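The values are calculated or read from the model by the stated rules, or taken from the named source; none is laboratory data. Just so you know, these numbers come straight off a predicted model, no measurement behind them. Counting neighbours? That spans all protein chains shown, and the Cβs are built from the backbone with ideal geometry, glycine included. Calculation scope for accessible area: heavy atoms of the full protein, side chains included, ligands and nucleic acids excluded. Shrake-Rupley method; radii C 1.70, N 1.55, O 1.52, S 1.80 Å.
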Amino acid sequence: MIDIGLDIKIQKTNQSRLPEIDFNNIPFGKIYADHMFLAEYQNGQWSDLRIEPFNNLNLSPAISVLHYGQSVFEGLKGFRSPDGKEVLVFRPEENAKRLKDSAKRLCMPEVPEEIFMTGLHKLLDLDRGWVPNVKDSALYIRPFQFAADEYIGLKPSESFKFIIFASPVGAYYSEPVKVKVETEYTRAAQGGTGFAKAAGNYAASMYPAKLAAEQGYHQLLWTDGKEHKFIEESGTMNVLFVINDTLVSIPSSDTILPGITRRSVVQIAKDWGMKVEERPVEVAEIISAIKDGSLKEMFGAGTAATITQIALMAYDGIDYELPAVETREFSNKLHAELTGIQRGLVEDTRGWVYKI
Ligand SMILES: *Cc1c(COP(=O)(O)O)cnc(C)c1O
């Protein structure tokens with residue numbers, strides 16, 4: 001147990017909802033663990049660190065975030081160790097760092113890593129019973145921060161809230177997806193907020209994604225906002241390719257979310273001695289690699305599904321079928337390795353797993 005002298009008041013629920021939960025049958029994202037962690041930013045500092053029973057917030061209709069969208073979030077997962085005793089969290093320090101980077105771009109104060117990590121630790125320590133003990137299930141953890149001034153003038157808020165709550169999620173079998181290369185709408189532009197996990201980015205992506213869904217595609221493959229020539233990423237995952245025997249991964253940039261899963265995949269591939277290239281990728285390169293058979297694998301990487309196989313890519317009105325999922329040696333092996341590390345089934349040689 002870490003103890004760095006942060007004073008966190010803990011008010012426990014006197015009626016846990018845990019006995020009512022059937023972990024074999026959890027609807028995605030609708031059940032929340034008993035408690036939440038909160039911190040308030042006021043007068044230039046974070047204070048009032050506390051854990052309370054999960055409950056509705058009481059907010060003014062004039063609260064700044066609802067009007068101008070100063071809001072950033074994170075997403076990570078906790079797993080139960082094989083012996084059932086510990087909660088294992090995958091690289092949470094990276095989420096703490098990224099939240100700070102996101103906050104800065106949105107003109108919000110940084111949540112110090114000690115507050116993020118201690119809040120997370122104490123919350124999961126208290127709600128450890130909420131980490132599913134069922135195969136392939138996990139506890140999804142949602143830290144977020146938003147502007148809390150009651151003021152409808154347009155200016156950066158001076159007060160903020162930081163909250164962490166958690167939601168048990170059932171077995172997530174990620175079916176191979178069909179993606180459409182988006183060449184009209186833009187997710188992120190140079191100089192914009194694309195690298196930040198900022199709420200508004202997702203609001204702006206929903207309409208184009210809905211149009212694609214109506215055409216039968218599960219997700220979009222965003223391209224650069226300038227020429228729609230380079231592939232950037234998908235809605236909540238980075239995309240990677242195996243071309244011949246090389247793993248090709250698009251590096252983070254101004255317009256691409258710096259995914260922790262992507263970085264972990266690249267590290268594992270390098271450790272396995274695979275050839276890795278981190279560089280921009282043109283749509284045209286992928287189309288010709290599909291045509292000449294050099295594109296062997298294409299998949300998404302993100303916390304929600306870890307590795308999501310991409311079965312089909314649509315571009316310019318043409319559907320391109322990609323190699324059969326069973327033939328994808330690297331990403332299938334990678335999926336087993338990564339989920340194994342996360343769940344404590346494969347030795348964590350890189351210090352990625354934080355134990356509570
Ligand atoms: C969260 C997210 C990712 C994946 O990041 P991870 O840290 O791997 O979960 C990728 N792209 C976008 C747009 C995201 O919001």
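Key figures for this structure:
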{"read-out": "Coil-residue trypsin sites (Lys or Arg not before Pro) of segment 1-88, DSSP, other Cβ within 10 Å capped at 15", "value": "Lys12, Arg17, Lys30, Lys85"}
{"read-out": "Charge dipole (debye, nearest 20) of the chain; +1 at Cβ of Lys and Arg, -1 at Cβ of Asp and Glu", "value": "400 debye"}
{"read-out": "Out-of-range pairs (alpha-carbon distance over 22 Å; input Lys97/Lys122; Lys122/Lys197; Lys100/Lys229; Lys30/Lys104; Lys122/Lys161; Lys9/Lys161)", "value": "Lys122/Lys197; Lys100/Lys229; Lys30/Lys104"}
{"read-out": "Of Tyr202, Tyr41, Tyr32, the one that fluctuates the most in a GNM where the chain has Cα springs shorter than 10 Å", "value": "Tyr202"}
{"read-out": "Estimated 222 nm signal from helices in the chain, with DSSP H stretches of n ≥ 4 weighted -39500 (n - 2.57), rounded to 500", "value": "-7500 deg cm²/dmol"}
{"read-out": "Rounded percent of accessible protein surface that carbon and sulfur make up, segment 58-102, 1.4 Å probe", "value": "49 percent"}
{"read-out": "Fraction of accessible area attributable to carbon and sulfur, segment 177-342 (%, probe 1.4 Å)", "value": "51 percent"}
{"read-out": "Long-range amide H partners of Phe54 with built H, under 5 Å", "value": "His35, Met36"}
{"read-out": "Net charge over other residues, Cβ less than 15 angstrom from the Cβ of Thr186 (K, R count +1; D, E count -1)", "value": "-3"}
{"read-out": "Per residue, in Å², the accessible surface of the chain once ligands and nucleic acids are set aside, probe 1.4 Å", "value": "47 Å²"}
{"read-out": "Centre separation in Å (Cα based) which lies between segment 85-103 and segment 284-356", "value": "22 Å"}
{"read-out": "Net charge, Leu126 excluded, C-beta distance under 14 Å - Lys, Arg +1, Asp, Glu -1", "value": "+2"}
{"read-out": "Expected-Rg normalisation [2.2 N^0.38 Å, Cα atoms] applied to segment 20-143", "value": "1.15"}
{"read-out": "Among Leu240, Leu211, Leu106: highest mean-square fluctuation, GNM of the chain, C-alpha pairs under 10 Å", "value": "Leu211"}
{"read-out": "Selected from Gln342, Gln309, Gln11 as most flexible by GNM, with the chain as the system and alpha-carbon contacts under 10 Å", "value": "Gln11"}
